[in-house]
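Participant: Take a look at the following structure, please.
The values are calculated or read from the model by the stated rules, or taken from the named source; none is laboratory data. Because the structure is a prediction, the values reported are computed rather than measured. Please note: Cβ atoms are built from the backbone with ideal geometry, for glycine as well, and neighbour counts cover all protein chains shown.
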């Protein structure tokens, strides 16, 4: 029986136990959540670019990026058959809200409600990207409005109950003390609590690191790589990815009109184009012969930034991209968006059953702790058994211990272990560090070699106790891979 099936079964047993109590509805919702898309929150400090990045991930400009009232409210974006916005007031039943859409952005009318009266907004929108994941946009941490910051803390680091998010994408511009404090609150050493394995760091607004130069993203990647290997950061997030959020959003919502305006910049001699884009002010006010109005130039800067205009113009001039579709593809790749999507896929979506099971078991464990009922002891015992015996949770424990520095060893041994237990993705090729197109005998051979290697390490009397425990988990992971490979033959 799979992990999520075991979790579903214990929840099916628990719901009748708590029927007639205040916990019944909550457990029913948790049970339904197992069959729903993974919930990923986008969080970070004020002006980190959360809403812009969320728009890029959805592929549409849905989330407002201004300082309006709705940016102070936790907003869920989920897939559905109809276009709908619903508010969940702190007092009273949910109510549907009116909304309009201008230039792709949703403008929500709160209908007389104040932001502090709304628990959350739920935007239902038919979108392919939302079929596998529900995205949660959160108010900025460190906001001048303490109440807005508190909403994010209350959502992702509650004091007395489970977080509704299964995973978090956390935006960093640099490692601020407030970021560390928040991520530590989001984490716990127990497998049934959130840990670094369900958090990804994003070095946001990465193009600004290089002051908009064409090599800005290369500089950002070097900084992200250093952050990703920093001991303090590794304890908080699995990986750090640089993303130019504004360019990513524009790449997936690019229009033919915008490409036409960019062609005018691309048509300039290289020296003139460089002089025009030395600053935003110069781009807006110089070279009237360019043939773009002031409003058109402002629109380009608002959508691309100086870096984006410079990069897009260069790609068109060099004919790396000649159509709007090709330019969109190139900008998405160079913005870091594709890399982020791949990491979310390998670290979150491929592990979605494990993350959802953990969230559900956390809710159930909390319920059995605070409310004793006839039959609740059996439920608590079943939860404890799953947490202690399920191999995916054992992998998560080892991975968290590696990231915390509790399991140490030679760098190549630690790297091998981290990959084998799914630290860089849960597919067989990711675990065995094989090229993505590797199939057949090569995978089986690599899995057998890994199994023998870690069996020797587990049985070696010179291996430390912590590494021995981890080695046994790696052995089980290798056995699981071999069994899976046998099944597909």
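Participant: Look at segment 245-273 and say how many of its residues are free of Cβ contacts under 8 Å to residues at least 12 places away in the same chain and in a helix (DSSP H, G or I).
Facilitator: The qualifying residues number 3.
Participant: Could you grab me the full set of residues in segment 24-69 that are out of contact with any strand residue (DSSP E or B) (no Cβ under 9 Å at 6 or more places or on another chain) and under 15 Å from residue 340 (Cβ atoms)?
Facilitator: 59, the sole residue that qualifies.
Participant: Let me ask you something else. Can you pull out every residue in segment 214-244 that is in a loop (DSSP other than H, G, I, E, B) and more than 19 Å from the chain's Cα centre (by Cα)?
Facilitator: 214, 215, 230
Participant: Any residue in segment 328-335 that is touching a helix residue (DSSP H, G or I) at 6+ places or on another chain (Cβ under 6 Å), outside any helix (DSSP H, G or I) and buried (at least 20 other Cβ atoms within 10 Å of the Cβ)?
Facilitator: yes
Participant: Oh, and also: Which one is farthest from the chain's Cα centre (by Cα), of the residues in segment 371-403 that are without any contact (Cβ under 8 Å) to a residue 24 or more places away in the chain and in a helix (DSSP H, G or I)?
Facilitator: The selected residue is 377.
Participant: May I ask you to verify whether residue 27 is assigned to a helix (DSSP H, G or I) and either in contact with a helix residue (DSSP H, G or I) (Cβ under 7 Å, 6 or more places away or on another chain) or under 14 Å from residue 135 (Cβ atoms) (or both)? First the steps, then the outcome.
Facilitator: On the way: assigned to a helix (DSSP H, G or I): yes; either in contact with a helix residue (DSSP H, G or I) (Cβ under 7 Å, 6 or more places away or on another chain) or under 14 Å from residue 135 (Cβ atoms) (or both): yes.
Criteria met by residue 27.
Participant: Another question, if that's okay. With (1) under 27 Å from residue 50 (Cβ atoms); (2) part of a loop (DSSP other than H, G, I, E, B) as the list, and residue 305 as the residue in question, which single condition is left unmet?
Facilitator: (2)
Participant: I would also like to ask the following. What number of residues in segment 61-99 are at pLDDT 90 or above and assigned to a loop (DSSP other than H, G, I, E, B)?
Facilitator: 8
Participant: Which condition number in (1) at positive phi; (2) loosely packed, with under 14 Cβ neighbours inside 10 Å is the one that residue 285 fails?
Facilitator: So residue 285 meets the others, but not (1).
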